[in-house]
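Reviewing the structure listed below.
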Amino acid sequence: MEGSNQAAPVDIENPYIPLETSMRQELGRLSPSSSSCCIYRVPERLRLVNENAYTPQVVSIGPLHHGKKGFEAMEEHKKRTPRKENDRIFNKPVMFHDLMTDISLCQSEVVPSIRLDNLTTPSGTELYQAGVKFKVGSRKNIFDIRFTDGILEIPKIRVEDHTEISLRNLLAFEQCHYQHCYVCDYMMMMDRFVNNASDVDLLVDRGIIENVLGDRKEVAALFNNLGIGIFGSPDFTFANLYQDLNRYCSSTSHKRMANLRQNYFNTPWRTLSVIAAVVLLILTLIQTVCSIISAARA
């Protein structure tokens, strides 16, 4: 009847058809998305280091993994956009955790930059042996690393199960999307500081690394492997820090003082032992001099 407000017929066999029609109408009214939005592809030089870090486990985002085996169940959920369906997914802790991990993955193609082979600095242990003191930074900005009067302040970094996946995808995205790569520069610097388990022990002891993984060798391997295939910014963020550290470590006096402090005055008992030895040496010297004088007078 003309002018009546009859509801559109509902397909009993497929109740999602009206929803699909409504969604298409809503999408048609949206303004065009930015041409700068895209999903990047990770190059082989990064994927070969740890392919699992870039491979989704539950849901595929974008066309690269679409249709692959194992994602069929989530493909159906992706078509069900009402809030009720989303709540069913996000109210399941395991599903939510896996989904958030997959969403964080990036398929990126990195734009080559300049390798910083000429910018090197000693490892954490080597810096410590040269007299550098480590202190956990109090500032929120993880890139706010300072070296003043022989004290190197580094904000705390937490290393846990999903740290590698998050950082790898962030590194890949940053190198593709930005000219200045702060995260890449930061990871290259940490790769220099952490060479082995001894470096991890040092930074954990100073509160700079919070090791949730437990295995110190695994933490060292994480930092070392994250630096593989990564390029730093042409104007490296921590270039001045490297220069200051190298200049400090090249000083012989700093190394000598550090050697005395770390090997002879590192505990109260050793300090007392050194003092007692010096006093004994002085008394022995005095006794020897007195004996010589007495013999000469006789």
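Spin-label pair R256-L283: with each label point 7 Å from Cα along the Cα-Cβ axis, the two points sit 2.9 nm from one another. The amide H of K156, built 1.01 Å from its N in the peptide plane, has G137 as neighbours under 5 Å, considering only residues 5 or more places off or on other chains.
Taking every DSSP beta bridge with both residues inside segment 124-255, roughly what % is antiparallel (nearest 5)? In segment 124-255, approximately 25 percent of DSSP beta bridges are antiparallel ones. Cβ under 14 Å from A220's Cβ, A220 left aside: what net charge do those residues give with Lys, Arg +1 and Asp, Glu -1? Computed value for this residue: -3.
Label-to-label distance for E160 and I293 is 7.2 nm, based on points extended 7 Å past Cα in the beta-carbon direction. For segment 197-267, the C-alpha radius of gyration sits at 1.44 times the compact-globule guess of 2.2 N^0.38 Å, with N the residue count. Between R146 and E153, the built amide H atoms are under 5 Å apart, and every one of these is 5 or more places off in sequence or on another chain.
Entry note, segment 124-255: relative contact order of 32 percent, from Cα contacts under 8 Å with a spacing of 6+ residues.
Take N240, project a point 7 Å from its Cα along the Cβ direction, then tell me which residues of segment 179-217 have their backbone nitrogen under 17 Å from it. The answer is 182, 186. Segment 160-210 and segment 270-294 have Cα centres lying 52 Å from one another. Packing around the peptides 203-210, 283-290, taken as the average count of other Cβ atoms within 10 Å per residue, puts them in this order, highest first: 203-210, 283-290. Seen from N246, the other residues with C-beta closer than 12 Å to its C-beta sum to a net charge of 0, counting Lys and Arg as +1 and Asp and Glu as -1.
Here, each number is a calculation from the coordinates, and none is a lab measurement. The structure presented is a predicted model; accordingly, all values stated were derived computationally and were not measured. Neighbour counts run over all protein chains shown; Cβ positions are idealised from the backbone, glycine included.
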